[in-house]
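J.: Below is a structure I'd like to ask you about.
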Number of protein chains: 2
Amino acid sequence: MARKTREEAQRTRQQIIDAARTTFNQHGVARSSLAQIASAAGLTRGAVYWHFKNKAELFLSMREDVFVPMIERMDTTLFSNSYSDPLDAIEAALKDFFLVLDECPNLRQVLEIMVLRCEQVDEFAEIQAEIERPGQEFLQKMEKVYQKAASHGSLRPGQPASALALDTWAFISGLLHALLTRGFEKKLKQQVPAMIVTHMQLRRG
Amino acid sequence: MARKTREEAQRTRQQIIDAARTTFNQHGVARSSLAQIASAAGLTRGAVYWHFKNKAELFLSMREDVFVPMIERMDTTLFSNSYSDPLDAIEAALKDFFLVLDECPNLRQVLEIMVLRCEQVDEFAEIQAEIERPGQEFLQKMEKVYQKAASHGSLRPGQPASALALDTWAFISGLLHALLTRGFEKKLKQQVPAMIVTHMQLRRG
DNA sequence: TTATACATACACTTATGAATGTATAATCGT
DNA sequence: ACGATTATACATTCATAAGTGTATGTATAA
């Protein structure tokens, strides 16, 4: 075939990423062949191998495509100074996270792939480390905000900020997994905001 | 080779299950071939195909080998009447769960495989449903115990039992995933009892 | 004219499932 | 109780399918 413009080439690259996302999501990472992905993008393996070294690199590129913006968005809400009570900032950030998850199918698909449809082992060990890090950083950020809430006086006394942050972290992680494994069914999805309110209510003074 | 006694055959069956567990855990389910598993058990694929139809059936057998006893043990603690306060029963059951997880490497390996090293998709859909069900049942059991605690008067008022059960469920799920992904490192493991105490303390009256 | 953006073809490896082989428990008839 | 028969518990072999990475071809944008 013919050579494409640079912009066209970038579009095909994006098409491959999109095809990888849907294919990984449908069949799992291990069971998705590069031929399948290429075919889903209307291309051949040659195109895939031109743009990406192998499946692992394609996986990482697909992830970065949607992961970085999400983290930035959460941070801005979490550290926003438009909330008088830091606990409100946490509550808003948590709600916003699940709202984005509901609104952005690309992000949802990528999270589904990373959590459910990817065997975390061997050469994907580095990938796994990359997945963990945002969670760790989120834990530290939360602890800071809980400390702010403590000095603000809105926090129910008796527990250190670190313990509260751990509890919230486990709660969010578990809720995310529950949503992902149950396919974001309405019944559970509608309970999410109330669950967050309950969770935060338990630590208000 | 020669034919074995029925008891010997049962032992080789168990050897295959053990080999599958360690192999799945090391390399992931998809990347583990039946030849690898057979070799790890000191056998050939012929033995595996004799005892199991295919990899999926072997996976399910490996799971049932350790999963059923765990559920029974949790239930006995959860519904034990040796605790005057139902909240203490919940706290004890949660602590016991993570204690068993720490003590029983087989159960830990199987959970690691199911959560981290198994792509939940396609023909494993039934398997996934089997994995979800205990979680769902646990949620319902918890709700009952929270209701008992409410009528017992030890529960901090303001939240329905269903909401509290959901929160605890998400907490446990998240904590389990955290432990599994971080390889049960001591630092986090030692925090588990305190986290459970914190979690329960937040809902005591 | 050359580097790019792919498509096509090739060589190699690996896994699966079924077929076949085989020594011996287990069972059955006498 | 003992040999003959049969079913069992595997090992071995075979046929086939898929996937990967690389090498090569090629039209065209740069």
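J.: To the nearest whole number, what is the average tally of beta carbon atoms from other chains within 10 Å of the beta carbons of peptide B:172-183?
T.: The mean count of partner-chain Cβ atoms within 10 Å per residue comes to 5.
J.: Express in Å², to the nearest 10, the accessible area of A:HIS27 obtained by rolling a 1.4 Å probe over the protein heavy atoms while all chains stay in place.
T.: 50 Å²
J.: Near the amide H of B:ARG204, under 5 Å away, which other amide H atoms are found, from residues 5 or more places off or on another chain, if H is placed in the peptide plane?
T.: For B:ARG204, the qualifying residues are B:ARG156.
J.: Measure up A:LYS187/B:LYS144; A:LYS189/B:LYS189; A:LYS53/B:LYS53; A:LYS55/A:LYS186; A:LYS186/B:LYS187 against 26 Å on the Cα-Cα distance and list the ones that go over.
T.: Result: A:LYS189/B:LYS189; A:LYS53/B:LYS53; A:LYS55/A:LYS186; A:LYS186/B:LYS187 exceed 26 Å.
J.: Put a point 7 Å out from Cα along the line to Cβ at A:LEU60; what are the distances to that point in the other copies, in nm, shortest first?
T.: 3.9
J.: For the protein assembly as shown, what does the alpha-carbon gyration tensor say about shape, rounded, prolate or oblate, given a ≥ b ≥ c as the root eigenvalues, a/c under 1.5 as rounded, and a/b over b/c as prolate?
T.: oblate
J.: Can I ask one more? How far is A:SER84 from itself in the other copies, in nm, if each label sits 7 Å out from Cα along the Cα-Cβ line, shortest first?
T.: Once sorted, the set of distances for A:SER84 reads 4.3 nm.
J.: How high is the relative contact order of chain A? Use alpha-carbon pairs under 8 Å, at least six apart in sequence, and give a whole percent.
T.: 22 percent
J.: Still on this structure, I have one more. Loop only by DSSP, 11 or fewer other Cβ within 10 Å of the Cβ. Give me the trypsin sites (Lys or Arg not before Pro) in region A:25-124 that pass, ordered by residue number.
T.: A:LYS53
J.: Something else now. Only helices at least 24 Å long along their own axis, judged from Cα atoms, and with Kyte-Doolittle mean hydropathy of 1.0 or greater: name those in chain A from DSSP H.
T.: A:161-181
J.: I've got another one for you. Tell me which trypsin sites (Lys or Arg not before Pro) from region B:133-191 have a DSSP coil assignment and no more than 14 other beta carbons within 10 Å of their own.
T.: For trypsin sites (Lys or Arg not before Pro) across region B:133-191 that sit outside H, G, I, E and B with at most 14 neighbouring Cβ atoms in 10 Å, the list reads B:ARG182.
J.: As a test of reading the structure, rank A:SER84, A:SER32 by solvent-accessible area (1.4 Å probe, protein chains only), most first.
T.: Final ranking, largest accessible area leading: A:SER84, A:SER32.
J.: Can you list, shortest first and in nm, the gaps between the label point of B:LYS95 and those of its counterparts in the other copies, using a point 7 Å from Cα in the C-beta direction?
T.: Distances between equivalent label points, in nm: 3.6.
J.: Can you give the calculated 222 nm mean residue ellipticity of chain A, where each DSSP H run of n ≥ 4 adds -39,500 (n - 2.57) and the sum is split over every residue, rounded to the nearest 500 deg cm²/dmol?
T.: Using -39500 (n - 2.57) per qualifying helix, the result is -24500 deg cm²/dmol.
J.: Does region B:1-79 classify as rounded, prolate or oblate by the C-alpha gyration tensor (a ≥ b ≥ c root eigenvalues; a/c under 1.5 gives rounded; else a/b over b/c gives prolate, otherwise oblate)?
T.: Taking the square roots of the gyration eigenvalues as a ≥ b ≥ c, region B:1-79 is oblate.
J.: In the full protein assembly as shown, how much of A:ASP18 is accessible to a 1.4 Å probe, in Å² to the nearest 10?
T.: 50 Å²
J.: Still on this model: With every protein chain left in place, what is the accessible area of A:PHE67 in Å² (1.4 Å probe, nearest 10)?
T.: 10 Å²
The values are calculated or read from the model by the stated rules, or taken from the named source; none is laboratory data. The structure displayed is predicted, hence computed values, not measured ones. Virtual Cβ from ideal backbone geometry, glycine too; neighbours counted across all protein chains shown. SASA here: full protein model, heavy atoms, side chains in, ligands and nucleic acids out. Shrake-Rupley method; radii C 1.70, N 1.55, O 1.52, S 1.80 Å.
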